[in-house]
1. Check off (1) aliphatic (A, V, I, L, M); (2) in contact with a helix residue (DSSP H, G or I) (Cβ under 9 Å, 6 or more places away or on another chain); (3) within 24 Å of Thr146 (Cα to Cα); (4) not in a strand (DSSP E or B) for Met24 and give me the number that stays unchecked.
2. Check segment 165-177 and report whether any residue there is modelled with pLDDT of 95 or more, more than 18 Å from the chain's Cα centre (by Cα), of a type in the set (S, T, N, Q) and farther than 30 Å from Glu92 by Cα.
3. Please verify whether segment 58-78 includes one or more residues that are in contact with a His (Cβ under 9 Å, 6 or more places away or on another chain), more than 21 Å from Val176 (Cα to Cα), surrounded by fewer than 17 Cβ atoms within 10 Å (Cβ to Cβ) and touching a residue at least 12 places away in the same chain (Cβ under 8 Å).
4. Tell me, please, whether a residue that is farther than 26 Å from Thr136 by Cβ and free of Cβ contacts under 8 Å to residues at least 60 places away in the same chain can be found in segment 96-115.
5. Could you please give the count of residues in segment 30-49 that are over 22 Å from Leu127 (Cβ atoms), open to solvent by 60 Å² or more (accessible area, probe 1.4 Å) and modelled with pLDDT of 75 or more?
6. Hey, which of the helices (runs of 4 or more DSSP H) in segment 82-185, taking only ones fully inside, have at least 1 residues that are open to solvent by 20 Å² or more (accessible area, probe 1.4 Å), touching a Ser or Thr at 6+ places or on another chain (Cβ under 8 Å) and over 19 Å from Trp34 (Cα atoms)?
7. Given the structure, is Phe10 in contact (Cβ under 8 Å) with a residue 60 or more places away in the chain and under 12 Å from the mean Cα position of the chain (by Cα)?
8. For a quick check of your reading of the model, give me the residue pairs whose first member lies in segment 148-164 and is basic (Lys, Arg), whose second is open to solvent by less than 60 Å² (accessible area, probe 1.4 Å), with beta-carbon atoms closer than 9 Å and at least 6 apart or on different chains.
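The values are calculated or read from the model by the stated rules, or taken from the named source; none is laboratory data. Only a predicted model underlies this, so the values are computations on that prediction, with no experimental measurement involved. Please note: Cβ atoms are built from the backbone with ideal geometry, for glycine as well, and neighbour counts cover all protein chains shown. Keep in mind that these areas ignore ligands, DNA and RNA; they rest on the heavy atoms of the full protein, side chains included. Shrake-Rupley method; radii C 1.70, N 1.55, O 1.52, S 1.80 Å.
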Amino acid sequence: MNIGLFFGSFNPIHNGHLMLAQYMANFGGVDEVWFVVSPQNPFKQDMTLLPAQHRIEMVCRAVEHTPHLKVSDIELHLPVPSYTINTLRALEARHPDDTFTLIMGGDNVAGLPRWREADQIMAHRILVYPRPGCDTTLEAPDMTVTDAPMVDISSTMIRRWVSRGHCIEHYVPHSVAQYISDNRLYL
């Protein structure tokens, strides 16, 4: 099976994430897309990062009725900070019969050569979804910039709206909005 890995903090997951994942499952040549919930991005210091169990639960609720979208908590069992190469190696060891494709935003492409063991990461197939104003030109053996729709929603925006008491109902799945409300998150 070819599995697309969509990494992120998903703090919270929103409809833009889901649209991109579904696009990749439909048109990216992958059998499934796994949302890899990261404990901490080594390039970001986000002080509003919810505990992993809340973020995992929101992703689980968001994908529970979508057969080709799954959740992976593998990075929560690896040393922090999370390095993509370590995650890939752990997944390849646990799933030796599967192949893994990375799914990343165009905003990450320019910085990819600075990632730990970038040459090993770039040896994998990479599907890039466009982001406004981002340079996606990089020499990688198997990198494809997709025609995925550009969605201008961010988790930062969702958190800000929740903290100000605004409705997020059409920006996140209903089950996620309910979970955020029930648990009084981002207030």
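1. Going through the list (1) aliphatic (A, V, I, L, M); (2) in contact with a helix residue (DSSP H, G or I) (Cβ under 9 Å, 6 or more places away or on another chain); (3) within 24 Å of Thr146 (Cα to Cα); (4) not in a strand (DSSP E or B), Met24 breaks only (2).
2. The answer is yes; a qualifying residue exists.
3. Checking segment 58-78: not a single residue is in contact with a His (Cβ under 9 Å, 6 or more places away or on another chain), more than 21 Å from Val176 (Cα to Cα), surrounded by fewer than 17 Cβ atoms within 10 Å (Cβ to Cβ) and touching a residue at least 12 places away in the same chain (Cβ under 8 Å).
4. Yes; the residues of segment 96-115 include at least one that is farther than 26 Å from Thr136 by Cβ and free of Cβ contacts under 8 Å to residues at least 60 places away in the same chain.
5. Of the residues in segment 30-49, 1 are over 22 Å from Leu127 (Cβ atoms), open to solvent by 60 Å² or more (accessible area, probe 1.4 Å) and modelled with pLDDT of 75 or more.
6. 155-163
7. yes
8. Here the result reads Arg159/Asn11; Arg159/Pro12; Arg159/Leu185; Arg159/Tyr186; Arg160/Tyr186, each pair linking segment 148-164 to a residue that is open to solvent by less than 60 Å² (accessible area, probe 1.4 Å).
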